[in-house]
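J.: Before anything else, here's the structure in question.
The values are calculated or read from the model by the stated rules, or taken from the named source; none is laboratory data. Treat the numbers as computed from the prediction; the structure is a model and nothing was measured. Reconstructed Cβ throughout: ideal geometry from the backbone, glycine too, with neighbour counts over all protein chains shown. Protein only, heavy atoms only, side chains kept; ligands, DNA and RNA dropped before computing areas. Shrake-Rupley method; radii C 1.70, N 1.55, O 1.52, S 1.80 Å.
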Amino acid sequence: VALVTADNKAALSPLIAILEAVLAIAMTVVKWAMFLAPFAVFGLFAELVATTGIGTLLGLAAYMAVVTLGLFALYAGYLVVAAALGSISLFAFARAVAPVQLLAFSTSSSAAVMPLSMETAIKELAVPPSIAGVVIPLGATMNMAGTALYQAAAISFLAQISGIGLGLGEIALIIVTLTATSIGAPAAPGASVVILSSVAGGFGIPTAGLALVLGVDRLLDMARTAVNVTGDLVACRLLKDVGGKQEPSAQ
């Protein structure tokens, strides 16, 4: 604040130039990391498969199938809730939110799709702007049901490939923990892997298998982000009637 409000701008030019140079260097390092990350993941993936055997790939395929089916079931549940409680037909809601889901699927970021989500909620779902302006930003950070589902399946997968048996009580505790930690998770691609690693370590589950999870995380991240933004739009639609009644008095 002091830097941008100081009176003598000419004297601050060297400091601003230094900060801009540091920014350029930092962005270069980030570009290198993004370029090298796929090769690093492939190396970890290859090492783990060579150590545990090719059967690990079959387990990975089963893990992906479980997560995909779980996300589809969650998506179907959202549609049913919207049709039953949101005063809109199932197909009409699915058609209205399809562009948002497509953008979320391609970007894997709830934050990136937020402007389109708000526009869709207001124009296509007839949600008052006062409701959409609160629910969409809040949901992009806190409504991470798809992420919590993915992380629970990933923890179970990591435990199984490590030979660790989990009881029903432990699984229930893990689900509750992951649901809580998913609230406030960064709405950026790959952010849930960091949470997954910390939770797995907290329950004594080796994180060596994360190389397998990272290898397919992008594909699953796309699907769970689409489900997450669908939940945000369902919440907007459910609050439509309340918002519609309160909007005139608020004005």
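J.: All but one of (1) in contact (Cβ under 8 Å) with a residue 12 or more places away in the chain; (2) open to solvent by less than 50 Å² (accessible area, probe 1.4 Å); (3) of a type in the set (A, V, I, L, M, F, W, C) hold for Ala98; which doesn't?
T.: Answer for Ala98: the failing condition is (1).
Residue-wise test of (1) in contact with a Pro (Cβ under 9 Å, 6 or more places away or on another chain); (2) of a type in the set (Gly, Ala, Ser); (3) open to solvent by 20 Å² or more (accessible area, probe 1.4 Å).
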position: Leu102; (1), (2), (3): no, no, yes
position: Ile122; (1), (2), (3): yes, no, yes
position: Leu125; (1), (2), (3): no, no, no
position: Gly133; (1), (2), (3): no, yes, yes
position: Ile174; (1), (2), (3): no, no, no
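J.: Keeping to the range 59-76, report how many residues are free of Cβ contacts under 8 Å to residues at least 12 places away in the same chain and under 14 Å from Gly215 (Cβ atoms).
T.: Residues flagged as free of Cβ contacts under 8 Å to residues at least 12 places away in the same chain and under 14 Å from Gly215 (Cβ atoms) within the range 59-76 amount to 1.
J.: For the range 1-95, which helices (runs of 4 or more DSSP H) that fit wholly inside it have 1 or more residues that are of a type in the set (Ser, Thr, Tyr) and open to solvent by 80 Å² or more (accessible area, probe 1.4 Å)?
T.: The qualifying helices (runs of 4 or more DSSP H) are 2-5, 9-52.
J.: When you scan the range 211-222, do you find a residue that is modelled with pLDDT under 85, of a type in the set (Val, Ile, Thr) and either surrounded by 19 or more Cβ atoms within 10 Å (Cβ to Cβ) or more than 21 Å from the chain's Cα centre (by Cα) (or both), even just one?
T.: The answer is yes; a qualifying residue exists.
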